[in-house]
Amino acid sequence: MAEIHVCHAGTCRARGAEAVLAEIEELVSEVGGRCNVRQSGCLGYCNEAPNAIILERGARRLDPNNVFTRIRTLDASAKVVERATGKRPPLEGAGTSERLASLRAARARQHAISVSKWNAALHGLAEQAAVKPALRSELSTLLRKAGFPEGVRADRAGQAMPSAIANYSQWSLESVTPVTR
């Protein structure tokens, strides 16, 4: 039985490793594959994040064909699952693509919220909330945390910067000391 390890170190985590892990778990269950999916530490491919490797039972060395980098799409996640299980996950049927895209967006949003990156957390959420009313309360909560309790006007012209942003402290530059000329 193969194991899929998804890197959760700094760069991979910042570039969506949580979403990749959830997506791969879902795809493995779709194909009914016997494969464990888990988090791992750094795999050493930080410039090409997010990454995953497949460890095959009994293998003494890592096969370079089992290293997957830049897993940024559903198709890339499906290739990892296909290599590990030998079965191509169905991406076309019964809203699979939409469901997994929604899952990926939710995981990316959760990570952005956890590090107080409000712009990233809000990215695309208004459009999603227009289609899925269940997301409206999450949008409202995020806008409040980002300092816009009344929401954001479509034109934004003349709208003042928020007076309070969750987990943000204002700072000012008092002096600069040149170190070279």
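Quick notes on this one:
- Scanning region 45-56 for residues that are surrounded by fewer than 12 Cβ atoms within 10 Å (Cβ to Cβ) and outside any helix (DSSP H, G or I) turns up nothing.
- Selection status of ARG109, surrounded by 14 or more Cβ atoms within 10 Å (Cβ to Cβ), over 19 Å from ALA19 (Cβ atoms), modelled with pLDDT of 80 or more and not acidic (Asp, Glu): no
- Of residues in region 12-44 being touching a residue at least 40 places away in the same chain (Cβ under 8 Å) and acidic (Asp, Glu), the one least open to solvent (accessible area, probe 1.4 Å): GLU23
- Test: ALA59 is open to solvent by less than 70 Å² (accessible area, probe 1.4 Å), without any contact (Cβ under 8 Å) to a residue 12 or more places away in the chain and in a loop (DSSP other than H, G, I, E, B): yes
- Taking the criterion of being more than 10 Å from LEU27 (Cβ to Cβ), open to solvent by 50 Å² or more (accessible area, probe 1.4 Å) and assigned to a helix (DSSP H, G or I), the residues of region 80-102 that qualify are ARG83, GLU98, ARG99, ALA101.
- Residue that is surrounded by the most Cβ atoms within 10 Å (Cβ to Cβ), among those in region 124-152 that are in a loop (DSSP other than H, G, I, E, B) and hydrophobic (A, V, I, L, M, F, W, C): ALA146
- Residue that is under 30 Å from LYS145 (Cβ atoms) and touching a strand residue (DSSP E or B) at 6+ places or on another chain (Cβ under 8 Å), where the choices are VAL6, VAL81: VAL6
- Answer residue from region 63-72, given it is open to solvent by 90 Å² or more (accessible area, probe 1.4 Å) and in a loop (DSSP other than H, G, I, E, B) and is modelled with the lowest pLDDT among those: ARG72
The values are calculated or read from the model by the stated rules, or taken from the named source; none is laboratory data. Remember, it's a predicted structure, so these values are computed and weren't measured experimentally. Ideal geometry is used to build each Cβ from the backbone, glycine not excepted, and the neighbour counts take in all protein chains shown. Side chains are part of the model used for accessible areas, which takes the heavy atoms of the whole protein and leaves out ligands, DNA and RNA. Shrake-Rupley method; radii C 1.70, N 1.55, O 1.52, S 1.80 Å.
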